[in-house]
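These notes concern the structure reproduced below.
The values are calculated or read from the model by the stated rules, or taken from the named source; none is laboratory data. Quick caveat: nothing in here was measured; it's all calculated off a predicted structure. Cβ atoms come from the backbone with ideal geometry, glycine included; neighbour counts cover every protein chain shown.
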Amino acid sequence: MRSFRYLVKEGFKNVWSNRLMSVASIGVLVAVMVLIGAAILLSVNVDMMLNTLQEQNVVMVYTVDKATEAQAREAFSKVQKISNVASAEFVTQEDGVKSLINDMGDQYKELFEFVDDGDQKGSWLPFGMRVSFKDLKKFDETISEIKKIENIDHVNDQRELTAKIVNIRNLVNSAGLIIIGLLFITALVIIANTIKITMHTRKLEISIMKAVGATNHFIRTPFVIEGILLGLISAIISTLATYGLYTVVANKVTSMSVSVVPFMSVLWIVIGVFLVLGVITGCIGSIISIGKYLRKEGSEFRAF
Amino acid sequence: MHKGKQGIIIRKEAFELEMGQPVIEFDGVTKTYQKGMHALNDVNIKIHKGEFVFVVGRSGAGKSTFIKLIMREETPNTGDIYVNGYNLSKMRRRDIPYFRRSMGIVFQDFRLIPTMNVFDNVAFSLRVVGASNREIKRRVAQVLSMVDLGSRARAYPRELSGGEQQRVGLARALINNPALIIADEPTGNVDPNMSYEIVELLTEINRRGTTVVMVTHEHQLVRDFNRRVIMLENGRVVADNLEGAME
Ligand SMILES: Nc1ncnc2c1ncn2[C@@H]1O[C@H](COP(=O)(O)OP(=O)(O)O)[C@@H](O)[C@H]1O
Ligand SMILES: [Mg+2]
């Protein structure tokens, strides 16, 4: 379309000739985007932390007391084959005694010396397995699957901790989504109103354009281009601002020996979200704010 | 749709005016803005192709309402209006822009876009119809020299006198070679000497076949340019001096 280039140029010109409003819009959008970026980064980091915690979250599985080592090892191999088991480690009776002493403290060491072991140290203990899971949401099913295996007696699970982790993760994710949603709507409303203010000063212009036979589409396009442009500029500034802020915060946190997700690994998510957000708010904002004026046929514009 | 003389897209109906059919026809038109007072009251008028018509009357007589109804900025409460072969009562909203391209409109307050220079203000009407850049340059230069503003193309409206601004308005109205020009008190904000020049320009355009409807309350102008005069009073046509049109 021949006039499209002209309309795009007009959109660019609008950004400049309404620079005060442009700066205000960009300021608002950047503020909102940085908050959204913070929400994303927070959620990504919480997720990573929970993942680490989850990986460390092992359950102890014990065989029945009378199980022989061969039976225990057979049960162990069955545990390993369960699909949701991430890793499993066989704990011999000797290791069991060691960790028991370790857990109870050295002063009890002598106590265990008196226990009649027969020829095998710790033979009064069951065999154990240290097992970690891939997906904690399937925790209960996996535990009962393990319990069904022959010669398995009981599982020492940390059900509450696991449930807590899953809960926190869900909470962080849904809170993040709600916050992002609310901020998005806020941005939309503010942008629509900002453009509306410029529209107010430009309604004479719109009425003139209508009087010389411009279609609504023709009048609207530069405004939409203007909105999209403001969105894109905001997205770029927001990415830089988010990067800067995150680097500062990450340095502080890392110095307290807590590891954080590197920004570069989420760079594209952040840029993507900002761009989509900027373009959509700019587009919808300008369409909303100009709509009212396009429906009028001119005379309603007049204040003279 | 088809391409007009200037390679400009105008709706086909605009060209289907049959010989002798009026360019503007008001048929029992009444317009009331609010309850009670009629801005226009049972107006019946026919204006034919090639006519030059003055519309006169006191302030509040309904002259601007007459113009707004012609350009379909307002719609009548009762009666029918036909302009350039369009039946305005039956026109869909999305046809309005195409209808407006078939006429040139001149306003008392010029209505130039302040952020555009003279060239762009005049060119806007051509851009709206999708003319090429070459076409735009050629036509705008031609029309600007016609209103004697060839040297002010880069000036902004605020840098021009009232008379110059109105000539820009006139150039914009002419740029699409419309069959009809309507002007609502085009000399209202212009000094007397310039007023004469503007009406001269309108008569010159009219000589080339364009129908002109001009609202004014300057009696001296009307007397000097001996044309058809429609007089409105309280929304009614109280005099229609057709003889003027015969010359
Ligand atoms: N938009 C409007 N809303 C309400 N009343 C209006 C409006 N425009 C015009 N009028 C009224 O209609 C009458 C005719 O107005 P107008 O056509 O502007 O007269 P003129 O142009 O001859 O001065 C006047 O009484 C005026 O107050
Ligand atoms: Mg008036």
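What the table shows:
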read-out: Identity of the residue in region A:84-134, part of a loop (DSSP other than H, G, I, E, B) and at pLDDT 80 or above, that ends up surrounded by the fewest Cβ atoms within 10 Å (Cβ to Cβ); value: A:Lys134
read-out: Test result for B:Val140, away from every other protein chain (no Cβ under 13 Å) and of a type in the set (Val, Ile, Thr); value: yes
read-out: Test: residue in region A:40-47 that is among the small types (Gly, Ala, Ser), surrounded by fewer than 16 Cβ atoms within 10 Å (Cβ to Cβ) and assigned to a helix (DSSP H, G or I); value: no
read-out: One residue from A:Leu177, A:Leu232 being closer than 15 Å to A:Gly278 by Cα and either within 14 Å of chain B (Cβ to nearest Cβ) or surrounded by fewer than 22 Cβ atoms within 10 Å (Cβ to Cβ) (or both); value: A:Leu232
read-out: Test set (1) at negative phi; (2) more than 14 Å from chain A (Cβ to nearest Cβ); (3) within 16 Å of ligand 1 (Cβ to nearest atom) - B:Thr203 fails condition number; value: (3)
read-out: Residue that is nearest to A:Arg295 (Cα to Cα) [pool: residues in region A:202-234 that are polar (S, T, N, Q) and touching a residue at least 60 places away in the same chain (Cβ under 8 Å)]; value: A:Asn216
read-out: Identity of the residue in region B:74-86, hydroxyl-bearing (Ser, Thr, Tyr) and more than 14 Å from chain A (Cβ to nearest Cβ), that ends up nearest to ligand 1 (Cβ to nearest atom); value: B:Thr78
read-out: Filtered residues of region B:38-59 (kept if free of Cβ contacts under 8 Å to residues at least 40 places away in the same chain and within 16 Å of ligand 2 (Cβ to nearest atom)); value: none
read-out: Residues of region A:135-157 satisfying the condition of being in a helix (DSSP H, G or I), under 33 Å from the mean Cα position of the chain (by Cα) and at pLDDT 80 or above; value: A:Lys138, A:Asp140, A:Glu141, A:Thr142, A:Ile143, A:Ser144, A:Glu145, A:Ile146
read-out: Of all residues making up region B:53-76, the number that are part of a loop (DSSP other than H, G, I, E, B) and either farther than 22 Å from B:Met231 by Cβ or among the hydrophobic types (A, V, I, L, M, F, W, C) (or both); value: 5
read-out: So A:Ile195, is it away from chain B (no Cβ under 14 Å), closer than 30 Å to A:Ile26 by Cα and not aromatic (Phe, Trp, Tyr); value: yes
read-out: A:Val249 being away from chain B (no Cβ under 14 Å), touching a helix residue (DSSP H, G or I) at 6+ places or on another chain (Cβ under 8 Å) and either more than 19 Å from A:Ser25 (Cβ to Cβ) or not in a helix (DSSP H, G or I) (or both); value: no
read-out: Residue that is surrounded by the fewest Cβ atoms within 10 Å (Cβ to Cβ), among those in region B:26-73 that are within 10 Å of ligand 1 (Cβ to nearest atom) and basic (Lys, Arg); value: B:Arg58
read-out: Selection within region B:88-107 - in contact (Cβ under 8 Å) with a residue 60 or more places away in the chain, more than 9 Å from chain A (Cβ to nearest Cβ) and either surrounded by fewer than 19 Cβ atoms within 10 Å (Cβ to Cβ) or in a helix (DSSP H, G or I) (or both); value: B:Asp95
read-out: Residue within region A:204-212 that is within 14 Å of another protein chain (Cβ to nearest Cβ) and outside any helix (DSSP H, G or I) present; value: yes
read-out: Strands (runs of 3 or more DSSP E) completely within region B:155-247 that count 2 or more residues being more than 26 Å from B:Phe99 (Cα to Cα); value: B:228-233, B:236-241
read-out: Odd one out for A:Ser257 among (1) surrounded by fewer than 16 Cβ atoms within 10 Å (Cβ to Cβ); (2) in a helix (DSSP H, G or I); value: (2)
read-out: Single unsatisfied condition, A:Ala31 versus (1) outside any helix (DSSP H, G or I); (2) farther than 30 Å from A:Glu150 by Cβ; value: (1)
read-out: Region B:151-193, subset of a type in the set (A, V, I, L, M, F, W, C) and within 16 Å of ligand 2 (Cβ to nearest atom), residue farthest from the other protein chains (Cβ to nearest Cβ); value: B:Val190
read-out: Count - residues of region B:108-125 that are more than 16 Å from B:Ser161 (Cβ to Cβ) and more than 8 Å from every other protein chain (Cβ to nearest Cβ); value: 5
read-out: Residue in region A:235-244 that is closer than 30 Å to A:Ser3 by Cα, more than 16 Å from ligand 1 (Cβ to nearest atom) and in a helix (DSSP H, G or I) present; value: yes
read-out: Any pair with Cβ under 9 angstrom, 6 or more apart, that starts in region B:187-200 at a residue that is closer than 19 Å to B:Val213 by Cβ and ends at one that is crowded, with 22+ Cβ neighbours inside 10 Å and among the small types (Gly, Ala, Ser); value: B:Ile198/B:Ala183
